[in-house]
Amino acid sequence: MGILGTIKSASFGIVIPPIILVGIQVIARLLELYTIGFIMTLYKGQPIFVPTVILWLLFVDSEIYTYSNLIGVILAWIISYAIIGDWVRKIPDILGSFILVYLFHIYYLVGIHRIPLIAPFPQFIFPVLIGIPSSTIVILFRTKRRKTFFERLREKKIPYDERYSIDLKLPVTCPKCGTKVYSNPKYCWNCGENLEETIYSKIITKAG
């Protein structure tokens with residue numbers, strides 16, 4: 001676990017979830033999702049109080065257990081840590097960041113706004129239980145090895161010149177004159193040696 005990676009993940013964890021939660025509320029109102037039973041009460045016609053958003057995200061405000069509020073909060077954590085997982089890509093850093101995020105929220109609520117708060121159990125671990133699987137799924141998906149263009153051609157049985165698929169490490173040394181060639185031309189620019197026959201074809205033969 002890296003300190004910088006943990007701090008980076010924590011900064012995202014502090015900023016992104018509140019934005020996503022408010023965004024879900026806005027989208028729910030704009031799309032009139034209440035007509036299909038999805039009702040969120042974060043916005044009540046007055047400016048949204050930031051500490052209220054934090055209390056919702058910490059699962060300590062009793063209002064989130066009414067209507068569809070709990071679904072909205074869970075979605076906010078899932079989406080947020082899917083984004084964070086895509087940006088950070090290290091589960092230990094993300095896991096460690098939850099402590100920093102939680103401490104910041106406590107300081108923000110108690111130290112700045114003087115809101116009395118008792119850390120409830122098990123509510124305070126809900127973000128971890130929701131966020132880590134979300135990040136893990138995204139990281140596994142993003143790190144999965146993708147097939148190369150030439151592997152796809154082989155699968156579809158489309159013929160191509162094997163010389164194009166050579167993993168050539170530059171520069172190449174011309175076997176005739178010793179000139180360093182910093183590309184993969186057909187001929188050596190200095191002596192005219194046919195590099196396809198002397199170098200590339202041998203590489204293909206060894207690979208086969």
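Please treat every number below as a calculation from the coordinates, not as lab data. A quick note: this is a predicted structure, and the numbers were derived from the prediction, not measured. Counting neighbours? That spans all protein chains shown, and the Cβs are built from the backbone with ideal geometry, glycine included.
Listing for the model above:
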quantity: Relative contact order [Cα under 8 Å, 6+ residues apart], segment 3-143, whole percent; calculated: 35 percent
quantity: Reachable lysines from K144, criterion Cα separation under 17 angstrom, eight or more residues apart if same chain; calculated: K90
quantity: Dipole in debye (nearest 20) - segment 38-129, about Cα centre, beta carbon charges: Lys, Arg +1; Asp, Glu -1; calculated: 100 debye
quantity: Proxy reagent accessibility, fewest Cβ within 10 Å first, across D61, D161, D93, D86; calculated: D161, D86, D61, D93
quantity: 5 angstrom amide H check on Y187, placed H, neighbours 5+ away; calculated: L195
quantity: Pairs of alpha carbons in segment 1-63 whose separation is greater than 14 Å (percent); calculated: 65 percent
quantity: Two-decimal log10 I(q)/I(0) for the chain, as the Debye equation yields it once each C-alpha is a single scatterer, q = 0.08, 0.09, 0.12 Å⁻¹; calculated: -0.51, -0.57, -0.71
quantity: Label-to-label distance, nm, for residues given as I19 and I39 (7 Å Cα→Cβ offset); calculated: 3.1 nm
quantity: Calculated FRET efficiency for the pair K147/I48, C-beta based, R₀ 41 Å, to 0.05; calculated: 0.35
quantity: Residues K156, K147 arranged by fewest to most Cβ contacts within 10 Å; calculated: K156, K147
quantity: Fewest-first ranking of L57, L30, using other Cβ atoms within 10 Å as the exposure measure; calculated: L30, L57
quantity: Rounded tilt (10° steps) of 91-106 against the dominant C-alpha axis of the chain; calculated: 30 degrees
quantity: Within segment 71-129, trypsin sites (Lys or Arg not before Pro) in DSSP loop having at most 14 other beta-carbon neighbours inside 10 Å; calculated: R114
